[in-house]
């Protein structure tokens, strides 16, 4: 049974169901290395939605569409039954990317928490070596 999270973007609330474990695996393989590299190279303290939006902007369109398809497969504006997709965001593409990023964070939270911890350990080790 998947969890559902209410995500608010630009004062609109969306109900987003978590992807299946199989789809989360695809998601992690599509984004994991990019996020790991970018967060380490950028010395990011916490992977957040703004970081994810920025990272996803360099994805090939087909990869981004696959990611969005996974995380928004069961996404609806609260109180409505029409699924959310890119066409729902005419003139508001940043809101679409933010919703996808929020949904990615929801699905890969354990991975991002681990990455944040590893990046922190690396920074601490670097400070110890410099001292």
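Using a Gaussian network model of the chain whose springs link C-alpha atoms within less than 10 Å, name the residue from 75, 21, 101 with the highest mean-square fluctuation. So, out of 75, 21, 101, the one fluctuating most is 21.
Here's the picture: a label point sits 7 Å out from the Cα of residue 4 along the beta-carbon direction, and within region 63-94 the residues with their amide nitrogen under 19 Å of it are 70-85.
Across the chain, Cα pairs under 8 Å and at least six residues apart give a relative contact order of 33 percent.
Here region 8-131 is treated as an ellipsoid with the same Cα gyration tensor; its semi-axes, largest first and in whole Å, are 30, 14, 13.
Taking the chain as a Gaussian network, where each spring joins two C-alpha atoms under 10 Å apart, which residue of 77, 22, 100 fluctuates the most? Ranking 77, 22, 100 by mean-square fluctuation puts 22 first.
Values in this text are rule-based calculations from the coordinates and carry no lab data. Predicted, not measured: the structure shown is a model, and the values here were computed from it. Neighbour counts run over all protein chains shown; Cβ positions are idealised from the backbone, glycine included.
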